[in-house]
Every structure is written in structure tokens, then in C-alpha cells.
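Participant: The structure that follows is given in the form of C-alpha cells.
The values are calculated or read from the model by the stated rules, or taken from the named source; none is laboratory data. The structure presented is a predicted model; accordingly, all values stated were derived computationally and were not measured. When we count neighbours, we look across all protein chains shown, and the Cβ atoms used for this are built from the backbone with ideal geometry, even at glycine. Protein only, heavy atoms only, side chains kept; ligands, DNA and RNA dropped before computing areas. Shrake-Rupley method; radii C 1.70, N 1.55, O 1.52, S 1.80 Å.
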Amino acid sequence: MTLPESMRAVRITEHGGPEVLERAEVPVPVPAAGDVLVEVAAVALNNTDLWTREGAYGRPGDPAARSGWRGPLGFPRIQGADVAGRVAAVGPGIDAGLVGRRVVIDPALYDGPGPDANPVGLMGSERDGGYAEYVTAPAHQVHDMTDSPLTDEQLATLPTAYGTALGMIERGRLGEGETVLVSGASGGVGVALVQLARARGARVVALSSGTKIEAVREAGAHHVLDRAGDVAEQVRAVAPEGIDVVAGALLGEGLPLLREGGRWVVAGALAGYEVAFDVRRLYLHNAQVIGSAMHTPRHFALLMELARRGDFRPLVAATFPLDQAAEAQEELARRRHVGKIVLRP
């Protein structure tokens, strides 16, 4: 296979609004030892794309500092963590038999080897990502999905949203027959939580609003509650015995909804990074609050196995061409959709 010398990409050269996304012609990256080169078939958008572009993550001791996912960004940076595509070339030491295989990239940069390593960086933030025609990745983080029944667009929705959701489910120890409350159920991670929890055999109570309620129900939720109403009253009506695992925000008002020994798993700060709650409701009921940043290699491998079997069907809300990345991010920020937005190079 003859590779081009240059490729189309969309990158940022500073923090700011959608206007800082620029189209560029850049060299095709060359895979180093242990890496592969992936021709991008689809790349999904995430809230982290918006926050990385804006520099909204803050730093320890300075929450207002402009920063990427885990620290200052190196510019220019090609965004995009969620890539599905085909292996176009391999670096030294990698089996050439991988060329042509349909793959999904685990976008995390880990703090060490092993199945339970923690993510400390992210493709599209701490290294270049998939808003481009090609991207490199470590071969051991490229998962062969050739036999999956999911489309390229559906596969691209998996890494961050479904990886984060499965990380929450695993860290929250959600078991078959337990009841989970999913807040923000119409977003990318929310829909993923609904589908993965349902596939695990849990009873899913979801929180959404307006026209999105029916779509969340169709995604697999057993009960969908209206965010505009009294949430606590609605939860007690459908789960009078209490909630085993809460996945998402609403920490202050939701903590009393947990049953004895319940777990609250938090993986984002979309509703704000400062919260207050009655700590007595925590220790008197042996409840746990668990932080969950994406997934581990073990979680991601499990997610890929579920996707190979087609145990769930991701929702693709809209598809944009690569050169409309700014418009796609603006659509993501409006939060009018259910599911994921995807770019096609």
C-alpha cells in the first residue's frame, strides 16, 4: 500500500471557541517502533473535545487555569480521541499481518503497564488524535474489530463515552439485578450507561427531559424520569427500596436516594465542579462516592469483547465531514441530540 506524504487534519493552535479549529495540510505521521498507523474511517466527538479546546480542565490548586485533560497543551494539537479505522502501516517490531484489519484505538495514555493501569492522558489532548485522515497509536492499544457487526460510525462512538461508562459500572461494582440511576441519560456517556447496564442485567432508571425521554427509553432504560419534575419523588416511586448505584451528577440531592451500602460514581463535572452534601448521609449509611476517570486496559478489552458480540447498538445522532469539525462541535455544545456525533474524513 502506497501512503500519501500529507493529509488533511483539523487542529487547534490555542485555547478558545470553535473559531480556533483550523483546517490544515500536515505530514502523514510515521509509526515508531511498537506503533501502527491507522487510516481514520470515523472519529466521534466528546465533551472532552470542547473542554480541551477551551482549556477548561483547570490544574491542581488553580481550577480556573486553562489546561488540557491532564495539564498544559502542546500546540498545535490535532483533536479527537475516538477513532475507528483500518491499519495502514506498522512500525518496526509489529506484525505486518495487522495491515488492513478494522480496528478501534484505546485513546488513553496510562500511568504504567498492566490491566489495571490508570489513564493520565488522552489522545487528542496529550497527543495528536483522529481529526485527521491518519493517526498513530501503540499497537497494544489497537483492538481488532474486523468481525464486529457494528458500523465504523458505531465503533467510533465507543472509546471515550462507552469506555467511561464501563469504567463507572466496573468501579461501582454494578451487579445483575441491581438498580442503577443514570443522570444525564441522553448524552453520550448517559446512553452508554443505559445500554451497558441493561446488558449487564441491571434495572435502569434514567433521568432525561423533554423530547429526549422517548429516545432514552428506546435505548433500553426501564424507567425514564423527567428532570423537570421532583426527581427524588419520582425515584422513590419507581425504586422505593432505594438505588444501588448512581452514575452521574446530582450528588447533593441524590445521596439520600442510595440504599444502605450504595455507591455513587462520578465521572465528570458537567453540572459544575463544586458540590455540597450532608456528610452524615455518607457515613451513617455506609455509602461510597467513587471517582472514575475513563477506563483501565481491562475495562476497555471487556468493552471491545461486548462490541464484537454486538451486545448493544450505539446511537449515532449525526455525521459531519471532517472539514465541518467546528460546526459539529457547535452542534455538540447545543445538547439537542441523543447519542453521539461523528466526523468522517
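Participant: Out of region 77-115, which residues are assigned to a loop (DSSP other than H, G, I, E, B) and either within 20 Å of the chain's Cα centre (by Cα) or surrounded by 15 or more Cβ atoms within 10 Å (Cβ to Cβ) (or both)?
Facilitator: Going through region 77-115, the residues assigned to a loop (DSSP other than H, G, I, E, B) turn out to be 79-81, 91-95, 99-101, 106-107, 111-115.
Those that are assigned to a loop (DSSP other than H, G, I, E, B) and either within 20 Å of the chain's Cα centre (by Cα) or surrounded by 15 or more Cβ atoms within 10 Å (Cβ to Cβ) (or both): Gln79, Gly80, Ala81, Gly91, Ile94, Val99, Arg101, Asp106, Pro107, Asp111, Pro115.
Participant: Considering each of Ala156, Ala185 in turn, give the residue that is under 18 Å from the mean Cα position of the chain (by Cα) and closer than 30 Å to Val30 by Cβ.
Facilitator: Numbers: Ala185 fails: closer than 30 Å to Val30 by Cβ.
From the options Ala156, Ala185, the qualifying one is Ala156.
Participant: Count, please, the residues in region 20-53 that happen to be surrounded by fewer than 19 Cβ atoms within 10 Å (Cβ to Cβ), more than 22 Å from Val342 (Cβ to Cβ) and among the charged types (D, E, K, R).
Facilitator: Selection size over region 20-53: 1.
Participant: Do you know which residues across region 185-215 are buried (at least 24 other Cβ atoms within 10 Å of the Cβ) and small (Gly, Ala, Ser)?
Facilitator: Applying the first criterion (buried (at least 24 other Cβ atoms within 10 Å of the Cβ)) to region 185-215 yields 185-194, 196-197, 204-208.
Once the filter is applied, which keeps residues that are buried (at least 24 other Cβ atoms within 10 Å of the Cβ) and small (Gly, Ala, Ser), region 185-215 yields Ala185, Ser186, Gly187, Gly188, Gly190, Ala192, Ala197, Ala206, Ser208.
Participant: Restricting to region 303-338, name every residue that is farther than 22 Å from Ala24 by Cα, outside any helix (DSSP H, G or I) and open to solvent by 70 Å² or more (accessible area, probe 1.4 Å).
Facilitator: If the condition is that a residue be farther than 22 Å from Ala24 by Cα, outside any helix (DSSP H, G or I) and open to solvent by 70 Å² or more (accessible area, probe 1.4 Å), then Arg313, Arg335, Arg336 are the ones that fit.
Participant: Whether any residue in region 244-257 is over 18 Å from Val43 (Cβ atoms), small (Gly, Ala, Ser), within 23 Å of the chain's Cα centre (by Cα) and assigned to a strand (DSSP E or B) is what I want to check.
Facilitator: Yes, that holds for at least one residue.
Participant: Return only the number of the condition from (1) under 26 Å from Gly91 (Cβ atoms); (2) under 23 Å from the mean Cα position of the chain (by Cα); (3) open to solvent by less than 10 Å² (accessible area, probe 1.4 Å) that Ser67 does not satisfy.
Facilitator: Condition not satisfied by Ser67: (1).
Participant: Of all the residues that make up region 265-298, how many are in contact with a Pro (Cβ under 9 Å, 6 or more places away or on another chain) and either of a type in the set (Lys, Arg) or within 28 Å of Tyr110 (Cβ to Cβ) (or both)?
Facilitator: Number satisfying all stated conditions: 8.
Participant: Okay, moving on. I'd like the full set of residues that are part of a helix (DSSP H, G or I), out of contact with any Gly (no Cβ under 7 Å at 6 or more places or on another chain) and buried (at least 18 other Cβ atoms within 10 Å of the Cβ), limited to region 258-301.
Facilitator: Pro297 - this is the single residue of region 258-301 that is part of a helix (DSSP H, G or I), out of contact with any Gly (no Cβ under 7 Å at 6 or more places or on another chain) and buried (at least 18 other Cβ atoms within 10 Å of the Cβ).
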